[in-house]
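Read the figures in this text as sums done on the coordinates, not as results from a lab. Remember, it's a predicted structure, so these values are computed and weren't measured experimentally. Backbone-built Cβ (ideal geometry, glycine too); neighbour counts: all protein chains shown.
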Amino acid sequence: MHHLPQYSTRLIGRNRVVAALVALFQEQAHRLVSLIGASGTGKTRLGLEATETIRDSFTDGCYFINLAPVDDAVFVLPTIAHTLGVHETANQSLLDSVVNFLRGKRVLLILDNFEQVKRAADELKLLIERTDQAQFMVTSQVALGLAAEYEFSVPPLEVPEQSNLPSNQLLEYSAIALFVDRMQAIQPRFVLTDTQAKAVVEICRLLHGLPLAIELIAAHSSALSPTDLLLLVRNYLALGRGAAIAKPARHHVLYPVLDWCFSRLSAPQQTLFSRLGAFIGGCSNDAVMALYQTVGEFATAVDPGITSLKQKHLLLEETMPGQQSRYIMLDAVREYAHQRLRKRKEAHQIDLYHAQYYRDLSITAKAELGGPKHEYWTNRLLSEIHNIRSAIQWALSHNEANLALQLSSNLVMFWVRQGYLTEGRRWITAALEHQAKADPIIVRPALGAAAGMAWSQSCYQEAKQYLEAALTIESTNQAETARLLNTMGLVLYEQGLHQPASDYFEQALAIYRTLDDQTMLGITLNNLGLVEIDRGNLAAARYIYAEVLALFRPANNPFNLTMPLSNLALIEILEYRYAEAEPLLEEGLALCRDNRDYNGLGYFLTNLAACLGGQGRFERARDCLVEALILRKNAQAKIGMLVGAKTASEILLKAGLAEAAALAWGYASALFSELQLTPLWYDERQQTMLETELSTMLGNEHLASLKQTGTSKTIDDIISLIQTAI
């Protein structure tokens with residue numbers, strides 16, 4: 001699988017450079033190749049062109065990771081993880097999750113625009129050191145300074161030293177060929193003649209052969225001849241030289257070129273272009289329209305303005321399946337646009353409206369996540385993640401406490417479901433530092449969100465403190481109070497405090513029944529059922545989950561249905577009622593596959609394996625368990641691996657494979673001790689059964705020896721054991 005951007009124009013004049021870059025990767029001598037060149041030299045396009053040639057050799061995929069919208073090194077790893085589809089879990093850091101995904105895979109990661117997040121080079125170094133086959137291509141204006149780095153210089157396009165060469169010879173120079181190709185896209189009748197050649201050569205020379213500058217000039221040529229273009233370019237570059245002293249290299253050529261492009265826009269187009277600079281990583285048409293409506297201006301000029309900016313290469317359009325089209329600026333162009341916004345003296349107001357738009361988006365997303373439109377809104381938020389980060393950071397730095405709290409806390413389900421646990425918690429915690437300046441009605445749910453994030457990372461004491469603080473704030477919002485009580489119940493349940501947890505769940509249930517909130521009533525009942533299972537009150541738990549299923553089936557929400565299906569099936573398995581458990585597990589398994597719920601998939605596969613093994617259907621039990629353990633291994637979900645290994649031990653024993661069962665039990669016992677878990681009644685029952693039967697079949701001494709051997713096994717060893725034994 002390859003995740004690479006596509007271009008509508010052809011790459012010109014880079015054949016030799018592309019071939020040299022391809023050869024470097026084909027040699028496989030370098031894990032990290034950095035394409036180094038000034039802004040606008042075409043490093044990204046060059047790297048992608050080379051990747052198209054070598055992609056088939058990367059059997060596990062090529063991934064393009066756009067770092068242009070990332071202005072803080074702390075977000076580099078989350079951006080890589082999102083592109084790879086890797087999530088942080090409560091038991092595993094994001095770095096470990098990425099490493100485990102990459103380890104053993106033949107993949108290429110293309111990290112674009114690394115210069116602005118150079119501090120993340122240490123994390124890249126760790127990825128190289130802790131993986132074996134992954135290779136990395138970086139584009140940057142500066143070298144990263146890593147020992148593993150091979151610096152590949154990306155020069156500008158070739159410009160002839162002489163201006164009086166025949167036109168056919170001039171076209172052999174890459175800068176001239178690019179200029180002519182792009183001019184012909186605007187002026188189809190344009191042909192390079194000897195008369196125009198001198199002006200074309202001089203333009204390319206003044207632009208230092210920078211592809212981006214050449215494309216911008218050509219895109220704005222309209223009815224202008226090369227001679228007219230040369231005059232204008234000279235004037236603007238002369239003005240730019242005076243302003244570019246002691247500024248980055250892009251100011252010497254690209255900014256004067258952009259000054260000229262900006263001057264050729266109409267006044268409404270200049271306004272639109274400048275305001276688009278407020279968006280990081282692109283925006284939707286809805287966002288632009290909302291911005292104009294908030295400003296109080298008519299948006300009639302937006303659509304024609306967008307069309308014009310696209311035609312002039314100042315704006316790109318990206319369309320993803322099932323999502324709105326997005327408008328994107330190259331990083332140099334966006335930086336220039338925001339600079340123009342500041343010159344218009346409306347940067348503060350537009351940035352405020354930008355943050356308010358994403359606050360409103362977060363409110364809508366909060367209501368939709370977990371519902372029928374969950375996938376749409378998840379993808380929508382993922383596409384807007386850079387704008388969301390920018391909006392929260394702006395609100396924090398401008399003392400907009402209410403905005404920061406709403407933006408960060410409304411997205412708690414998104415942070416958790418997408419594995420942004422550390423980042424989401426960091427944002428909410430930072431916003432809560434400003435709570436003294438915020439309205440209590442906003443602080444209260446933010447404290448609840450902070451508690452939810454802390455709970456998701458097993459930080460139960462901190463979660464409890466947040467909840468206690470939230471519950472002391474007076475409020476008439478009963479639904480919110482019930483959510484806080486439910487979360488407190490979960491925190492106490494995880495600490496093994498079953499009676500207090502049950503009391504909080506009952507309080508929340510009373511409110512939800514009064515409000516007739518069927519969804520939250522079912523979710524809270526589900527949590528209460530977990531307490532009853534742990535207490536051994538299986539009849540009470542069965543009654544609860546029957547009620548939850550009756551609540552959730554009419555709505556047919558897959559995310560809600562999987563919870564009672566999983567827990568009701570667990571009760572049937574604990575009572576050895578395998579025939580009753582199987583259809584529940586098959587239904588839940590199908591829901592998880594259809595909705596790409598990989599965490600839920602691991603649960604259902606493991607329990608289905610136990611169910612099938614209990615019925616003597618060992619081959620399918622093996623297949624389910626192997627798939628589950630591979631999922632758990634990839635996610636490094638240690639509790640999932642523990643439950644899977646214990647299930648493997650029981651299935652192998654039932655299949656008459658006592659030695660293999662003892663090895664798996666030794667691995668599971670060691671992992672249980674490592675995680676410092678408190679055994680529940682059914683853990684103790686399983687342990688007694690396994691130890692007794694294995695001791696009878698193998699003898700105490702042989703069992704102890706095999707268990708000791710099992711402690712040194714890896715999860716890969718356990719997977720192989722299951723595959724070969726059954």
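Based on the Cβ-Cβ distance of E468 and S263, what FRET efficiency does E = 1/(1 + (r/R0)^6) give at R0 = 45 Å, to the nearest 0.05?
0.15
Arranged from highest to lowest average of other beta-carbon atoms within 10 Å per residue, in what order do the peptides 222-234, 37-49, 375-387 appear?
The peptides rank, most packed first, as 37-49, 375-387, 222-234.
When each pair of different Cα atoms in the range 476-581 is counted once in the 1/r mean, what is the Kirkwood radius in angstroms, to one decimal?
Taking every pair of different Cα atoms in the range 476-581, averaging 1/r and inverting gives 13.9 Å.
What fraction, in whole percent, of alpha-carbon pairs in the range 303-365 exceed 12 Å separation?
Percent of Cα pairs beyond 12 Å in the range 303-365: 77.
Distance from the Cα centre of the range 531-549 to that of the range 404-432, in angstrom?
Value for the Cα centre distance between the two parts: 32 Å.
Tell me which of V98, T711, F604 sits at the most positive position along the dipole axis of the chain, charges placed on C-beta atoms (Lys, Arg +1; Asp, Glu -1).
Working it through, the farthest residue towards the positive pole turns out to be V98.
Under a plain spin-label model, where a point goes 7 Å from the Cα along Cα-to-Cβ, how far apart in nm are Q133 and A479?
5.0 nm
Could you give the size of the charge dipole of the chain about its Cα centre, using +1 on the Cβ of each K and R and -1 on the Cβ of each D and E, expressed in debye and rounded to the nearest 20?
2120 debye
Based solely on C-alpha atoms, express the radius of gyration and the Dmax of the range 32-73 in angstrom.
12.1, 33
Within the P(r) computed for the range 266-345, what percentage of the Cα pairs occupies the region above 18 Å?
Pairs farther apart than 18 Å: 35 percent.
Stokes-Einstein at 20 °C, 1.002 mPa s, Kirkwood radius from Cα pairs: D for the range 35-190 in µm² s⁻¹?
Value of D from the Cα-based Kirkwood radius: 121 µm²/s.
Given 10 Å bins starting at zero, what is the percent of C-alpha pairs of the range 350-469 in each, up to the one with the largest pair distance?
Calculated P(r), rounded to whole percents: 15, 48, 33, 4, 0.
Just to check, using Stokes-Einstein with a Kirkwood Rh over alpha carbon pairs, what's the diffusion coefficient of the range 167-263 at 10 °C and 1.306 mPa s in µm²/s?
Here the translational diffusion coefficient equals 119 µm²/s.
Which listed residue (A355, L551, L229) has the Cα farthest towards the positive end of the charge dipole for the chain, taking +1 on Lys and Arg C-beta and -1 on Asp and Glu C-beta about the Cα centre?
It is L229, whose Cα lies furthest towards the positive end.
Using helices alone, what [θ] at 222 nm do you get for the chain, with -39,500 (n - 2.57) per DSSP H run of 4 or more residues, divided over all residues and rounded to the nearest 500?
-21000 deg cm²/dmol
Could you state the angle between the C-alpha long axis of helix 331-343 and the longest principal axis of the C-alpha atoms of the chain, as a value from 0 to 90 degrees rounded to the nearest 10?
Its long axis makes an angle of about 80 degrees.
By how many degrees, 0 to 90 and rounded to 10, does the Cα axis of helix 15-27 deviate from the longest principal axis of the chain?
30 degrees
By how many nm would the segment from T711 to L675 lengthen if fully extended, with 0.36 nm per residue of separation less the alpha-carbon distance?
Stretched fully, the T711-L675 segment lengthens by 11.6 nm.
Rounded to the nearest Å, what's the spacing between the alpha carbon centres of the range 434-468 and the range 551-608? Just the number, please.
Value for the Cα centre distance between the two parts: 31 Å.
Looking at C204, I441, A287, which one has the Cα that reaches farthest to the positive end of the dipole of the chain (charges on Cβ: Lys, Arg +1; Asp, Glu -1)?
C204
Do any of K105/K713; K118/K312; K118/K345 go past 24 Å between their Cα atoms, and which?
K118/K312; K118/K345
When the scattering of the range 576-708 is computed by the Debye formula from its Cα atoms alone, each counted once and equally, what is log10 I(q)/I(0) at q = 0.17 Å⁻¹?
-0.91
Could you give the C-alpha radius of gyration of the chain expressed as a fraction of 2.2 N^0.38 Å, taking N as the number of residues it contains?
Here the answer is 1.13, to two decimals.
Under the definition of Cα pairs under 8 Å and six or more residues apart, what whole-number percent is the relative contact order of the range 350-469?
That works out to 23 percent.
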